[in-house]
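Note sheet for the following structure.
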Amino acid sequence: MDLAALFQLAAPVLLKATGYTLLFAVAAMVLGLALGGLIALVRVLELPLLQALARVYVSAFRGTPLLVQVFIVYYGLPSIGIEFSPVTAGILALTLNVAAYLSETLRGAVAGVRQGQWQAGTSLGLTHLQTLRHVVVPQALHVAVPSLSNSLISLIKDTSLVSVIAVTELMLATKELISTTFQPFPLYIAAAGVYWVLSLAFEQVQRVLEKRLAFPH
């Protein structure tokens, strides 16, 4: 089979699979940012008990492989009566994993804001929470954007791991095409190109966010 015929056959399959990859990535990004922000807030405010639970959560999800977490969510939880569809299980596992990393990025960015900013908020009559929201967080986000973007771009590539639970995302679709066409090299190159294009797109989003959050000169 020549390359033109191969890519004519593969293009619709890879396009559909790329849609699944984007679904996993975007859903996990949005949910992961929300959960990661909540965990970071709990640790910054040093809430009793919740802070300890958040610390254990972050340690567990950063200290175990994502592949193992996918298996636990999809194959392990049904044994205790909790069952998810493959798509839901994939999004949940990716969300829980990336949230642990994002929470540490956000917490570190908040900790990096100078203590004088907290004192300035207090001198203006703001509460601790108001100072965090209106003074500290805007500055912390400016610092955190590059690290957040790195985690989110890595998430795009991590979506390939959900292929182990029979979700036909980009990697599994590529493997299925190879099993019928016996053309591994061009198809793997095509899949790598798609991942690269998606990463480049999110890099552009990162640049836009950095400009929007940049301090006025």
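The values are calculated or read from the model by the stated rules, or taken from the named source; none is laboratory data. The model shown is predicted, which means the values in this text are computed figures rather than measured ones. Ideal geometry is used to build each Cβ from the backbone, glycine not excepted, and the neighbour counts take in all protein chains shown.
Annotations for the structure displayed:
- Checked against the criterion of being at pLDDT below 85 and either surrounded by 15 or more Cβ atoms within 10 Å (Cβ to Cβ) or more than 27 Å from Ala28 (Cβ to Cβ) (or both), the range 178-188 contains not a single residue that satisfies it.
- Selection count, the range 119-132, where residues are buried (at least 19 other Cβ atoms within 10 Å of the Cβ) and either outside any helix (DSSP H, G or I) or modelled with pLDDT of 95 or more (or both): 0
- Test result for Thr174, over 24 Å from Arg62 (Cβ atoms) and either surrounded by 15 or more Cβ atoms within 10 Å (Cβ to Cβ) or hydrophobic (A, V, I, L, M, F, W, C) (or both): yes
- Criterion: surrounded by fewer than 16 Cβ atoms within 10 Å (Cβ to Cβ) and either free of Cβ contacts under 8 Å to residues at least 12 places away in the same chain or closer than 26 Å to Leu92 by Cβ (or both) - qualifying residue of Val167, Val145, Val197: Val197
- Criterion: within 20 Å of Ala173 (Cβ to Cβ) and surrounded by fewer than 21 Cβ atoms within 10 Å (Cβ to Cβ) - qualifying residue of Ala54, Ala27, Ala60: Ala27
- Conditions (1) farther than 30 Å from Leu129 by Cβ; (2) modelled with pLDDT under 95; (3) part of a helix (DSSP H, G or I); number of the one not met by Met1: (3)
- All positions within the range 161-217 that are part of a helix (DSSP H, G or I), of a type in the set (A, V, I, L, M), within 14 Å of Ala17 (Cα to Cα) and under 22 Å from the mean Cα position of the chain (by Cα): Leu161, Val162, Leu170, Met171, Leu172, Ala173, Ala191, Ala192, Val194, Leu198
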